[in-house]
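Take a look at the structure below.
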Amino acid sequence: MHIENFKIFSDLVESQSFSRAAKLNGVTQSAVSQQLRSMERHFNVLIVDRSQKQFRLTREGQKLYDSAKDILFRYEKLVSELQEMRKIISGTIHISTIYSIGLHELPPYITRFLKDFPSVNVRVEYRRSNLVYDDIVHNAVDLGLVAYPQKARQIEIIPFHEDRLVLICNPDHPFASRKNIDLADIAAQKIIGFDQDIPTRRATDQIFRDARLEADPVMEFDNIETVKRAVEIDAGVAIVPAATVDQEVKQGLLKLIPLKGKQFTRPLAIIHRKGRVLTPAMKKFIANLTGKPYKEAAADDAVPQRRKAAPARPKTAKAQ
């Protein structure tokens, strides 16, 4: 029995899907089924209750899963500790991120990290926010990057940045000449918004509710790039994270206007599954994002919702 056998079995139990377990381990669905039967023969027990329509472990199967998780944890911890002893920073870091962070926030951090640690391979997948959490829970990736992080039993949250929310409009829009803008003025306009299930949309809806204003978008999109294109053709105005419109503002395609009075920010965070063993490379990557040693960053588990100013971004240079 090899460690890979326990990994495939563990992924099968947690995903309750032969196809997903196969994808996570780069094998065929048939190979996962064969692996399960091989383990049943090896231990001479029935692992999955095949009389049930839904995936369900037998009592012996549950015991085997619990032990497999313990074996995998100890193995991964050993590998990580040996790498730390030898001061090895290598391997692959698999990241799942929402579009806005992956396209507009992450690149300078990755550039700096790879310059410092060229032996590390960083793989990035762009996903909707709910799918990033799903990837983390099912161990499909190592780290996730999300906005407005949501607390969950299986998720560890490490804050790393806050982005300022601003209004954007077409350069010919009447708001374009203003130095700042009231929420009441925005509410009276045609608003381009994100889909209702996207965290930034929920946050902007709450901002208007707190101000006792009604602001129903005339258009809704699932990513920042489409929102920006709609504003560029003067279909309306939008409230977006400032970092996502740097390029368009510099090119004169959009006008950025700060919100008057209280500053509203969008908290960003790194997430990973609780109890997951992090390799030295993953810890260094977290330190790169937070600007703190990993232990200090991990201890900062209180997610700040608002600060007076957002942390400075690195000088090296579809959202949600």
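The values are calculated or read from the model by the stated rules, or taken from the named source; none is laboratory data. Predicted model only: the values in this text are computed from it and were never measured. Don't worry about glycine lacking a Cβ; one is built from the backbone with ideal geometry, like all the others, and counts go over all protein chains shown.
Just a yes or no: is a residue in the range 213-226 touching a Ser or Thr at 6+ places or on another chain (Cβ under 6 Å), farther than 30 Å from SER19 by Cβ and crowded, with 18+ Cβ neighbours inside 10 Å?
So in the range 213-226, the residues touching a Ser or Thr at 6+ places or on another chain (Cβ under 6 Å) come out as 224.
Adding the requirement that they be farther than 30 Å from SER19 by Cβ leaves 224.
Narrowing the set further to residues that are crowded, with 18+ Cβ neighbours inside 10 Å leaves 224.
The answer is yes, given that some residue of the range 213-226 is touching a Ser or Thr at 6+ places or on another chain (Cβ under 6 Å), farther than 30 Å from SER19 by Cβ and crowded, with 18+ Cβ neighbours inside 10 Å.
So that you can scan it fast, the table gives a plain yes or no per residue for (1) more than 29 Å from GLU162 (Cα to Cα); (2) assigned by TED's automatic domain parsing to the domain that holds TYR148; (3) in contact with a helix residue (DSSP H, G or I) (Cβ under 6 Å, 6 or more places away or on another chain); (4) surrounded by fewer than 17 Cβ atoms within 10 Å (Cβ to Cβ):
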residue: SER67; (1), (2), (3), (4): yes, no, no, yes
residue: ILE71; (1), (2), (3), (4): yes, no, yes, yes
residue: TYR75; (1), (2), (3), (4): yes, no, yes, yes
residue: VAL79; (1), (2), (3), (4): yes, no, no, yes
residue: SER96; (1), (2), (3), (4): no, yes, yes, no
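Residue check: is ALA184 in a helix (DSSP H, G or I) and either modelled with pLDDT of 95 or more or surrounded by fewer than 19 Cβ atoms within 10 Å (Cβ to Cβ) (or both)? So that I can check it myself, show each step before the final result.
Details: in a helix (DSSP H, G or I): yes; either modelled with pLDDT of 95 or more or surrounded by fewer than 19 Cβ atoms within 10 Å (Cβ to Cβ) (or both): yes.
Here the answer is yes, as ALA184 does meet what is asked.
Among the residues of the range 240-257, is any surrounded by fewer than 16 Cβ atoms within 10 Å (Cβ to Cβ), closer than 30 Å to ILE136 by Cβ, not assigned by TED's automatic domain parsing to the domain that holds HIS104 and not aliphatic (A, V, I, L, M)? Walk me through it before giving the result.
Taking the range 240-257 as the starting set, the residues that turn out to be surrounded by fewer than 16 Cβ atoms within 10 Å (Cβ to Cβ) are 246-247, 249-252.
With the extra rule that they be closer than 30 Å to ILE136 by Cβ, the set shrinks to 246-247.
Next cut, not assigned by TED's automatic domain parsing to the domain that holds HIS104 only: 246-247.
In the following step, the residues that additionally are not aliphatic (A, V, I, L, M) were identified as 246-247.
So far as the range 240-257 goes, yes, one or more of its residues are surrounded by fewer than 16 Cβ atoms within 10 Å (Cβ to Cβ), closer than 30 Å to ILE136 by Cβ, not assigned by TED's automatic domain parsing to the domain that holds HIS104 and not aliphatic (A, V, I, L, M).
Of all residues being surrounded by 14 or more Cβ atoms within 10 Å (Cβ to Cβ), outside any helix (DSSP H, G or I) and β-branched (Val, Ile, Thr) in the range 8-62, which is farthest from the chain's Cα centre (by Cα)? Just the residue, please.
Once the filter is applied, the top-ranked residue is VAL45.
Check whether at least one residue in the range 250-263 is at pLDDT 80 or above, polar (S, T, N, Q) and assigned to a loop (DSSP other than H, G, I, E, B), and report yes or no.
Just the residues of the range 250-263 that are at pLDDT 80 or above, to begin with: 250-263.
Next, only the ones that are polar (S, T, N, Q) stay: 251, 263.
Filter once more, keeping what is assigned to a loop (DSSP other than H, G, I, E, B): 251, 263.
So far as the range 250-263 goes, yes, one or more of its residues are at pLDDT 80 or above, polar (S, T, N, Q) and assigned to a loop (DSSP other than H, G, I, E, B).
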